[in-house]
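Data block below; observations after.
Nothing in this text is a laboratory measurement; each read-out follows from the coordinates by a stated rule. All values reported here derive from a predicted model rather than from experimental measurement. With ideal geometry, Cβ positions are generated from the backbone for all residues, glycine too; neighbour counts draw on all protein chains shown.
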Amino acid sequence: NAGVMQNPRHLVRRRGQEARLRCSPMKGHSHVYWYRQLPEEGLKFMVYLQKENIIDESGMPKERFSAEFPKEGPSILRIQQVVRGDSAAYFCASSPGARHPIYTFGSGTRLTVV
Amino acid sequence: ELKVEQNPLFLSMQEGKNYTIYCNYSTTSDRLYWYRQDPGKSLESLFVLLSNGAVKQEGRLMASLDTKARLSTLHITAAVHDLSATYFCAVDVGTASKLTFGTGTRLQVTL
């Protein structure tokens, strides 16, 4: 059981470039969540997805950020035209669903914008 | 808007001592989670508390939940250096919808 897999572990982007972060949930988990952690802070919810559906995106910035969880393949968090303030650790979590409210976190992607 | 507050934010304690971390939250919920995070690492699940009065223990850590007081505690007994980390509580108010995290408590156990 491989757990929640995120890649890349570290990502460096220049201002204005695009960042793509990937998350494969645990086997049997159909719910995916993305969180952002700024240095010395707690995690902040960004978006909650199920296969092919965005369930809750109340934590996503209105511009430049998007997320998807296609029928096949990993969930993708996409940040367009990155700025220095986007530098953070981005964590993905997965869960089996409402009847089993257990969240398992991936190792995170540390994005640095230079 | 749900608010989750932890205190203290920083805790330095000697090995062998006992201490308690508090987690208060502002909205009714009966699902409370405790996580541990080492520097530069991901979150490790410690406890999942799913009902009022729930108490769970693992080694030197014990967590409890009082949903009426909207309070959870993480008690550390006879601390050891290996417990040094940041501890987060998180609350889930929906139906497996999302977690709202506390600010974290950075624990440093000194010899």
Q) Given labels modelled 7 Å from the Cα in the Cβ direction, how far is it in nm from A:Ile54 to B:Leu50? A) 3.1
Q) On average, how many beta carbons from a partner chain sit within 10 Å of the beta carbon of a residue in B:40-48? A) 4
Q) Relative contact order for segment B:38-111: what is it in percent, counting Cα pairs under 8 Å that are at least 6 residues apart? A) 22
**Q.** Length-normalised contact order for chain A - Cα pairs under 8 Å, 6+ apart - percent
**A.** 36
Q) Which of the peptides A:66-77, B:10-21 is most tightly packed, and how do the rest follow, judged by the mean count of other Cβ atoms within 10 Å per residue? A) A:66-77, B:10-21
Q. Between B:Asn18 and A:Gln80, what is the spin-label point distance in nm, taking each point 7 Å from the Cα along the Cα→C-beta axis?
A. 5.7
Q: Provide, as a two-decimal number, the C-alpha radius of gyration of segment B:13-111 over 2.2 N^0.38 Å, N being how many residues it has.
A: 1.05
**Q.** Cβ neighbours within 10 Å from other chains - mean over A:52-62
**A.** 1
Q: Return the subset of B:Lys68/B:Lys98; A:Lys44/B:Lys41; A:Lys27/A:Lys71; A:Lys44/B:Lys98; B:Lys56/B:Lys98 for which the Cα-Cα distance in this structure is over 18 Å, preserving the input order.
A: B:Lys68/B:Lys98; B:Lys56/B:Lys98
Q: Treat each spin label as a single point 7 Å out from the Cα along the C-beta direction, and report the B:Asp66 to A:Leu38 distance in nm.
A: 3.3
Q) If you average 1/r over every pair of different alpha-carbon atoms in segment A:1-112 and take one over that average, what Kirkwood value in Å do you get? A) 14.0
